[in-house]
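The values are calculated or read from the model by the stated rules, or taken from the named source; none is laboratory data. These numbers were taken from a predicted model, which means no experiment stands behind them. Don't worry about glycine lacking a Cβ; one is built from the backbone with ideal geometry, like all the others, and counts go over all protein chains shown. These accessible areas exclude ligands, DNA and RNA; they are computed on the full protein's heavy atoms, side chains included. Shrake-Rupley method; radii C 1.70, N 1.55, O 1.52, S 1.80 Å.
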Amino acid sequence: MNDNVKADFLLQLSKFAGTLAERLACCGEWNVRGFIDIFRNIYPISTDSKVVSKVLEIHLLPELLRFAEFSGYEIEPAEKQNWYPDFTFIHKNNSKIKFAVDLKTTYRDDKHLGFCNGFTLGSHGEYFTDRGSTKNIQYPYSQYSGHLCLGIIYSRNEASFCGADIYPESELLRIPAVIKDFTFFAMEKWRIASDKPGSGNTANIGSIQYVDDIISGNGVFALAGEKIFDDYWINFGKINIPCDDGKYKRLSSFAEYLRYRGLPESLNNQRKSRRGELTHA
């Protein structure tokens, strides 16, 4: 039953994602242009990705609430800022049916056609390894029927940021949009995962970065499945594997994992054209 319920929820979320461009943008450009004070002065929004990401989340929240109501779910935002997931969808008629939905935003890489900056897909720390843990998670990981991303990929308009300029309300339409050309998608997070961490020294799962593969769910584990994705990231950096020089190193790639487990190399979806996938600090 869970697989059917998950497939139905993902289908609904995907259809919802397909409507967002027309609701959040006009002629391809973001409707949000800045912040307004009580004197009706407008301060243009920064191009900083953290600022853009947070404002996008605020902009999307009313739409998410409408989607939840339409699809028969209650929606719970994360209780604390650093908790997983961003939103928990709980079925109105069966509270055991829960879906973790993380809102993920990133921008296209102007220097490498077809690539984006990628996402972090949640921690592979305590709540991921101990599926009954309540640390930094709204509900224990095992209680969720699926773990999904509602993703936004956009292009930055670097020349648009007006810095210290302040506009009167009457000149709102003169303020250029800082982002444009949205692509919205919904996907199970394991399907867009890479085999590398997503951010420096933190225990975050990284995503693939090739946009077409993200949209189609063609990640590193796409051929192997979610159980192997789980096992890989539970053991990432923990298992010692032998090197050619007789020494040992910590497991850090899917190819190494497959050899360690005695699984066929054909399960590795890092095709040659993707093997040099870009990494960003």
Quickly run through segment 95-128 and pick out the residues that are touching a helix residue (DSSP H, G or I) at 6+ places or on another chain (Cβ under 9 Å), modelled with pLDDT of 90 or more and open to solvent by 50 Å² or more (accessible area, probe 1.4 Å). K96, R108
Would you say S133 is over 17 Å from the mean Cα position of the chain (by Cα) and without any contact (Cβ under 8 Å) to a residue 40 or more places away in the chain? yes
Selection count, segment 162-202, where residues are open to solvent by 30 Å² or more (accessible area, probe 1.4 Å), in contact with a helix residue (DSSP H, G or I) (Cβ under 8 Å, 6 or more places away or on another chain) and in a loop (DSSP other than H, G, I, E, B): 1
Candidate set from segment 59-88 (those that are farther than 21 Å from V5 by Cβ and touching a helix residue (DSSP H, G or I) at 6+ places or on another chain (Cβ under 7 Å)); member that is least open to solvent (accessible area, probe 1.4 Å): E63
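Return the residue satisfying two criteria in turn: it lies in segment 206-244 and is part of a loop (DSSP other than H, G, I, E, B) and among the polar types (S, T, N, Q), and of such residues it is least open to solvent (accessible area, probe 1.4 Å).
Residue satisfying both the conditions and the ranking: Q209.
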It is to be established whether one or more residues within segment 137-146 are under 30 Å from R23 (Cα atoms), open to solvent by less than 30 Å² (accessible area, probe 1.4 Å) and under 16 Å from the mean Cα position of the chain (by Cα). yes
Pairs please, first residue from segment 42-63 and at pLDDT 90 or above, second anywhere and among the aromatic types (F, W, Y) and in a helix (DSSP H, G or I), Cβ atoms under 9 Å, 6+ apart in sequence or on different chains. E63/F16
Going through segment 1-15 in order, the residues found to be of a type in the set (S, T, N, Q) and at pLDDT below 95 are N2, N4
